[in-house]
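Here the structure comes first, spelled out in structure tokens, and everything after it is commentary.
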Amino acid sequence: MRIITRQWPLRAGLFLLLLICSCGLSWGEVTPVPLDDADCIKCHRQPSLQIREHGGAHNTELGCLGCHEAHPPAGEAVIPECEQCHPADENTHFALSGCQDCHSPHAPVIPDFSELSDAKRACLSCHDSIATAMEQKPSLHAEQDCSECHQQHGTEPGQFLNCLECHEAHSPDMVYADCLGCHNPHQPTVYQWSDETPSKKCGACHTDQVDELANEGSAHASEIHCSECHSQHPPAESGVIPTCADCHDPSEHEHYKVENCTACHRPHAPLNINMDAVSPIKPVCTSCHEEPAKEMQHTPSAHAEMDCNECHQQHGEALSCLDCHDGHGDAMSYNDCLRCHQPHSPTRLQFAKSGVPTPLCGSCHDGQFEQLSTNTSRHAKLQCVFCHRRTHKVTLSCDNCHGEPHDSSIHQHFDDCGKCHKGPHNLRN
């Protein structure tokens with residue numbers, strides 16, 4: 001038993017040799033199996049994990065064998081130069097030296113810009129449009145290194161600081177999107193906005209103007225918004241303050257031809273007019289209010305010789321007649337004045353369609369009023385304006401109402417009814 005045990009390895013070896021020879025095989029005919037990327041991790045675990053997690057295009061477009069074409073002993077291990085894939089003539093960024101100062105070949109995507117020094121030179125070599133923008137409009141942002149705002153490469157939330165992480169908001173309700181409504185981060189002193197920027201956002205800085213516009217802006221508040229007038233913001237030299245003629249074409253209305261609009265009109269409260277700004281102001285007022293101008297021209301009076309602001313101390317308001325004139329009676333009100341007089345043609349008495357109470361007429365025509373008051377005829381029950389229609393001193397003749405109540409011979413002989421009836425105010429039947 002001992003002899004058999006000792007000879008077994010020798011016999012097994014001879015058997016294996018005979019088997020190889022009988023099959024016609026030789027060691028020189030063995031060929032290596034081709035490698036793929038999955039084999040690399042078996043030995044190169046850390047680089048493989050790096051490229052899988054942070055490899056970017058080095059992972060998705062190349063893989064390990066895209067750079068490392070051979071491996072000893074079958075071939076020579078070669079580490080390629082970056083310029084083999086990133087030639088300098090394709091992008092100024094590729095022309096920079098010291099690629100591996102920023103980029104690890106197995107993790108070329110930089111996870112944290114704070115680790116870089118002087119990232120700006122590298123960043124702007126690729127983002128040339130941003131470099132041009134900062135050069136054209138210098139600001140404090142242009143003096144900073146890119147890594148002070150951009151913590152990671154990309155524009156997704158969390159990859160860069162937003163305005164409100166460094167700057168105080170103009171108002172408590174502001175969010176980052178509101179900042180971008182006026183400011184471009186790479187040109188923050190160049191105010192840029194769209195037609196959709198709401199006026200309340202302007203109010204974050206221009207509180208008084210926006211409040212005034214909201215309360216007294218009239219059509220400037222309801223029909224337009226801030227950016228339609230203020231297309232630019234200082235320090236821009238044009239487009240900051242528009243001219244009134246931009247919207248109010250002088251060819252469309254006589255009033256728009258008047259110069260120095262802002263002497264009377266505040267842009268954010270255009271109808272809150274300073275009536276003392278111009279003297280005389282009448283030509284300005286009548287250029288817009290054409291009907292009162294015609295009325296005063298057709299019916300001259302002391303009122304027509306006055307400047308408009310003597311009665312109209314504020315636009316849209318007027319003194320009442322009784323502020324300057326004594327009433328015809330103690331019980332008169334301003335509305336009573338307007339039953340007969342119109343302020344722009346006060347000497348042309350036109351009676352109101354709603355009528356004029358007889359006592360009001362009697363305040364001037366006291367004799368006639370006294371006669372009617374003691375008369376028992378139907379005339380005493382009529383308003384004066386029934387016979388004195390529409391205009392002062394107009395009087396209907398008796399036949400307008402009564403025709404010829406008597407025989408024609410009587411009317412031919414007596415052509416004046418008052419000779420018998422004592423007149424319309426003291427009528428005798």
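What to note about this one:
- Amide H contacts under 5 Å for residue 183, placed H, 5+ residues apart: 192
- Using all pairs of distinct alpha-carbon atoms, the Kirkwood hydrodynamic radius of the range 255-332 works out to 14.0 angstrom.
- Distance histogram in 5 Å bins (all Cα pairs of the range 376-429, percent per bin): 4, 16, 26, 27, 15, 9, 2
- Ordering 200, 42 by the number of other Cβ atoms within 10 Å of each residue's own Cβ, fewest first, gives 42, 200.
- If the chain linking residue 205 and residue 81 were pulled fully straight, counting 0.36 nm for each residue of separation and taking away their Cα-Cα distance, it would gain 39.2 nm.
- Three principal axis extents of the chain based on alpha-carbon atoms, in descending order, are 183, 51, 37 Å.
- Distance distribution note for the range 79-171: the fraction of Cα pairs above 14 angstrom is 72%.
- Stretching the chain fully between residue 65 and residue 139 yields a gain of 22.0 nm (0.36 nm per residue, less the alpha carbon separation).
- Debye-formula intensities of the range 317-378, expressed as log10 I(q)/I(0) at q = 0.16, 0.18, 0.29 Å⁻¹, are -0.58, -0.70, -1.34 (one equal scatterer per alpha-carbon, no solvent).
- Remark: 389, 348, 266, 378 ranked as 378, 389, 348, 266, counting other beta-carbon atoms within 10 Å and listing the fewest first.
- The chain - mean residue ellipticity at 222 nm from DSSP helices (-39,500 (n - 2.57) per run, n ≥ 4, rounded to 500): -8000 deg cm²/dmol
- Pairs of Lys in the chain closer than 30 Å at Cα, counting only those 8 or more apart or on different chains: 16
- Chain lengthening between residue 177 and residue 54 when straightened (0.36 nm per residue, less Cα-Cα): 41.3 nm
- Net charge dipole, the chain: roughly 1720 debye, given to the nearest 20, about the Cα centre with Cβ charges of +1 for Lys and Arg and -1 for Asp and Glu.
- Counting every other Cβ atom within 10 Å of each residue's Cβ, 137, 201 order from fewest to most as 137, 201.
Rule-based calculations on the coordinates, nothing more; no lab input. Just so it is clear, the model here is predicted, and its values are computed rather than measured. A quick note on method: Cβ atoms are made from the backbone with ideal geometry, for glycine too, and the neighbour counts reach across all protein chains shown.
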